[in-house]
Amino acid sequence: MNQGELNHLLGIKGLTASQIHTIFDTADNFLNLLQAPVKKTPALRDITIANLFFENSTRTRVSFELAEKRLGADIINFSSSSSSVKKGETLIDTVNNILSMKVDMIVMRHPAPGACMFLAKNVKSQIINAGDGTHEHPTQALLDAFSIKNRLGSLEGKKVVIVGDIKHSRVALSNIYSLQLLGAEVMVCGPATLIPKYINQLGVKVSHNLDEALAWCDVANMLRIQLERQDQRFFPSLNEYTNLYGLNMNRLNKLDKEICIMHPGPINRGVEISSEVADSNQSIILQQVENGVAVRMAVLFLLAQHKL
Ligand code: CP
């Protein structure tokens, strides 16, 4: 989108508010299409897309695959566990081999921060970042902002708190960039050990008290503890974490307003969010997933048309 004539989506950083509004306007049209009896358009029938997932995923992988199918694209799915990556092939060689079979676009999730940027510089294909390590998860941030807009009418002036493991979260970083671009105020909340030291450079508020953060916000985006990215302990026990930072009905009932509850998934019920809250009317967690298909259709369509 922003990086050269091939057009990629490598992160929210580098996008403009106008580009995000274009994505949202296009996603609105696709959301209407997805409500219709025939949920398909042949818009990308001449395009072949490879979904390369070097890390586990449920929502993002299925959502991209559905978005591509709804747009009529040909697709191939690749997971590292069953590929020749296990035999020592480099990322560039793997991707160049796939591209030689006339693939037009790569959607990639990878555990290494910057892997998508590296690929974009070294292969001739459009690259869409489906999450790169602790760095960015741009389509998640786009669908999150789109979901807030659909629930609250606009992002302008809204107060959004992102709660939990900010340090290891690509969702947090991409959300901070997108929410600020669209005029929202952002706070991060969690134990000091899970808030990165560079956070002050991002212009966000910081709180270590969930009840104060909830009293401040219009929207709470709850993140899970990313144990798979932690090689040391950042708090004494999950019980203590839940007592201080878990969102439950007791906490919501103390507020004099209804806030909107979000979670990018996967949820750890009873840790960062109780089942009662996750399944309540204040939660838009499943709407986020539903909107994700339309937002990803918009990104794929606009990139393929070089319209961003
Ligand atoms: N939100 C998200 O990225 O979920 P998955 O890891 O299941 O794709």
(request) Please tell me if E136 is charged (D, E, K, R), within 16 Å of the ligand (Cβ to nearest atom) and either more than 23 Å from G292 (Cβ to Cβ) or free of Cβ contacts under 8 Å to residues at least 12 places away in the same chain (or both). (result) no
(request) For E240, indicate whether it is assigned to a helix (DSSP H, G or I) and loosely packed, with under 15 Cβ neighbours inside 10 Å. (result) yes
(request) Quick one: G183 ticks every box in (1) touching a Lys or Arg at 6+ places or on another chain (Cβ under 9 Å); (2) open to solvent by 10 Å² or more (accessible area, probe 1.4 Å); (3) assigned to a helix (DSSP H, G or I) except a single one, so which number is it? (result) (3)
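Being assigned to a helix (DSSP H, G or I), polar (S, T, N, Q) and at pLDDT 95 or above is the filter here; which residues of the stretch 194-212 pass it?
Matches in the stretch 194-212: Q201 only.
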(request) Please specify each residue of the stretch 29-62 satisfying the condition of being in a loop (DSSP other than H, G, I, E, B), within 16 Å of the ligand (Cβ to nearest atom) and touching a residue at least 12 places away in the same chain (Cβ under 8 Å). (result) F54, E55, S57, T58
(request) Output yes when any residue across the stretch 5-19 is open to solvent by 20 Å² or more (accessible area, probe 1.4 Å), small (G, A, S), modelled with pLDDT under 95 and assigned to a loop (DSSP other than H, G, I, E, B), and no when none is. (result) yes
(message) Among (1) open to solvent by 20 Å² or more (accessible area, probe 1.4 Å); (2) of a type outside the set (D, E, K, R); (3) more than 30 Å from G11 (Cβ to Cβ), there is one condition L286 misses while meeting the rest; what is its number?
(response) (3)
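Residues that are open to solvent by less than 90 Å² (accessible area, probe 1.4 Å), acidic (D, E) and assigned to a loop (DSSP other than H, G, I, E, B): does the stretch 254-270 have at least one?
no
Select from the stretch 56-108 the residues that are at positive phi and in contact with a Leu (Cβ under 6 Å, 6 or more places away or on another chain) and list them in ascending order. Walk me through it before giving the result.
Within the stretch 56-108, the first condition is being at positive phi, and the residues that meet it are 72, 88, 102.
Selection gives G72 alone.
The values are calculated or read from the model by the stated rules, or taken from the named source; none is laboratory data. A quick note: this is a predicted structure, and the numbers were derived from the prediction, not measured. For neighbour counting, all protein chains shown are included, and Cβ atoms are generated from backbone atoms with ideal geometry for every residue, glycine included. We work out accessible area using only protein heavy atoms, side chains counted, and drop any ligands, DNA or RNA first. Shrake-Rupley method; radii C 1.70, N 1.55, O 1.52, S 1.80 Å.
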